[in-house]
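Notes follow the structure.
The values are calculated or read from the model by the stated rules, or taken from the named source; none is laboratory data. Keep in mind that what you see is a predicted model, and the values were worked out from it rather than measured. Cβ atoms come from the backbone with ideal geometry, glycine included; neighbour counts cover every protein chain shown.
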Amino acid sequence: VGDAILARCDALDGAKDSMVQDVAACQSNFDLGRDVPTCGSAGRTGSCLTAAQKQAVGAIYAGARDGADGALYASFPYDPGVSSGDWANWRQSASLTLVPASVAFEFM
């Protein structure tokens, strides 16, 4: 997923540097369904996602929804950092509500 995001979005800010700086343009140019291969009959090869995996990744980036399928807050921008080991920690452990200002103190 991270490689696909970089392939579609890296150069949108004018510099091909393995960083996505034009987030708005990336949101318009990257499509999980189109840009990440879906595993076929050969099964998982490490270079594709199953349909269920794509659905899960899409739901994570879409953000939390309420019972009526309304957004509780803004979605997350697609980020090539998803391929790093710390991505899950930032998305799931760095709470903004359980421990007030936890992310702010992380940088101090």
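Among the residues making up the stretch 8-34, those that are aliphatic (A, V, I, L, M), under 14 Å from the mean Cα position of the chain (by Cα) and farther than 21 Å from GLN55 by Cβ are MET19, VAL20, VAL23, ALA24.
When SER75 is tested against the conditions (1) more than 13 Å from the chain's Cα centre (by Cα); (2) within 21 Å of ASP10 (Cα to Cα), the lone failure is (1). Here ALA4 qualifies as within 15 Å of PRO80 (Cβ to Cβ) and either of a type outside the set (Lys, Arg) or without any contact (Cβ under 8 Å) to a residue 12 or more places away in the chain (or both).
Looking only at the stretch 79-90, decide whether some residue is assigned to a helix (DSSP H, G or I), over 19 Å from the mean Cα position of the chain (by Cα) and modelled with pLDDT under 85. No - not one qualifying residue is present in the stretch 79-90.
No other residue among ALA59, ALA52 is surrounded by 10 or more Cβ atoms within 10 Å (Cβ to Cβ) and not in a loop (DSSP other than H, G, I, E, B) apart from ALA59.
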